[in-house]
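The next block holds one structure in the form of structure tokens; read it before the comments.
The values are calculated or read from the model by the stated rules, or taken from the named source; none is laboratory data. Here the structure is a predicted model, which means the values were calculated and not measured. Every residue, glycine as well, gets a Cβ built from its backbone with ideal geometry; the counts of neighbours run over all protein chains shown. We work out accessible area using only protein heavy atoms, side chains counted, and drop any ligands, DNA or RNA first. Shrake-Rupley method; radii C 1.70, N 1.55, O 1.52, S 1.80 Å.
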Amino acid sequence: MKNYAIILASGKGERFGSDLPKQFALLNGKTLLENSVEIFEQNENVDEIIVVITPEYKKKSQEILKKYKKVNKIIEGGLTRKESSAIGISSIEENEANVLIHDCARPLLSQNVLNECIYSLNKYDAVAVACESTDTIIETEGDFIKSIPQRSSVMNIQTPQCFKLSLINKAHQLSKNDSNFTDDCGLVVRHALSKVYIVKGESDNIKITYPKDLFIAEKIIQNKK
Ligand code: CTP
Ligand code: MG
């Protein structure tokens, strides 16, 4: 079965706050977009890469991504991450495939974790990457604490989030009218379509949200060298 990567890069980066969306910010001398695409380009198990991009920047990304052989589609995303993800998924023509959905904003995913995800998809229809939480997490109700789950029972979810194509297609179809989902596993869990297996992630796989995250990412890269 073919392994497709979908790189979600259609956000506006409002919290990052630069003129160009953060996917074009530079890390280690290349854009975040190139950093993230490269991880999948270099992985021998990945067959094709689909990039979902902010419509105004399609041309620019076509230029930047020319050099990657596995990038077969660069398509315009939607107004929310959920829409962008649905657009990426629906561009796959096969009836069944493995789909690895990754946030372009996580340029430090390691090959080890990626391979573990692909390997786990042989056994499970849905696979997520998550890290133990070092902070205690609280559930809130307005300005107050509602409950405090055991730290050992909560984790921080990252990407990639990986699925059999038919499963994630169904999850999106059933969730057409739900708007407040920040990730794809949420849709699968909401409709109880499958158990989602957890691959142990790495704390280095940070999401670039604010400019300071880029400094942290540079340090992580320097540290590895
Ligand atoms: N994303 C997307 N389409 C959208 C919104 C988000 O493809 N309509 C992608 C982003 O490009 C990013 C990932 O989803 O790689 C995670 O989103 P986030 O970190 O929230 O990025 P932005 O939405 O761009 O940032 P912000 O919320 O600060 O505007
Ligand atoms: Mg966002």
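Structure values in brief
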item	result
Yes/no for Glu14 being acidic (Asp, Glu), near ligand 1 (Cβ under 8 Å from one of its atoms) and closer than 17 Å to Leu214 by Cβ	yes
Single unsatisfied condition, Lys225 versus (1) more than 19 Å from the chain's Cα centre (by Cα); (2) modelled with pLDDT of 95 or more; (3) charged (D, E, K, R)	(2)
Condition met for Ser179 (within 16 Å of ligand 1 (Cβ to nearest atom) and either in contact (Cβ under 8 Å) with a residue 24 or more places away in the chain or among the aromatic types (Phe, Trp, Tyr) (or both))	yes
Within the stretch 69-101, tally of residues that are open to solvent by 60 Å² or more (accessible area, probe 1.4 Å) and in contact with a Lys or Arg (Cβ under 9 Å, 6 or more places away or on another chain)	3
Failed item, numbered, when Asn43 is tested on (1) of a type in the set (S, T, N, Q); (2) more than 21 Å from Ser175 (Cβ to Cβ); (3) within 16 Å of ligand 2 (Cβ to nearest atom)	(3)
Residue, surrounded by the most Cβ atoms within 10 Å (Cβ to Cβ), within the stretch 119-173, restricted to residues that are within 21 Å of Ile7 (Cα to Cα) and basic (Lys, Arg)	Lys164
Test result for Lys22, within 14 Å of ligand 1 (Cβ to nearest atom), among the basic types (Lys, Arg) and within 29 Å of Val188 (Cα to Cα)	yes
Residue satisfying all of: in the stretch 36-59; among the charged types (D, E, K, R) and open to solvent by 80 Å² or more (accessible area, probe 1.4 Å); nearest to ligand 1 (Cβ to nearest atom) among these	Glu56
Filter pass, Lys67 being within 15 Å of ligand 1 (Cβ to nearest atom) and assigned to a loop (DSSP other than H, G, I, E, B)	no
Test: residue in the stretch 30-37 that is within 15 Å of ligand 2 (Cβ to nearest atom) and touching a Cys at 6+ places or on another chain (Cβ under 7 Å)	yes
Ser18 being open to solvent by 10 Å² or more (accessible area, probe 1.4 Å), in contact with a helix residue (DSSP H, G or I) (Cβ under 9 Å, 6 or more places away or on another chain), within 16 Å of ligand 2 (Cβ to nearest atom) and polar (S, T, N, Q)	yes
Residue among Ser90, Ser110 that is within 16 Å of ligand 1 (Cβ to nearest atom) and modelled with pLDDT of 95 or more	Ser90
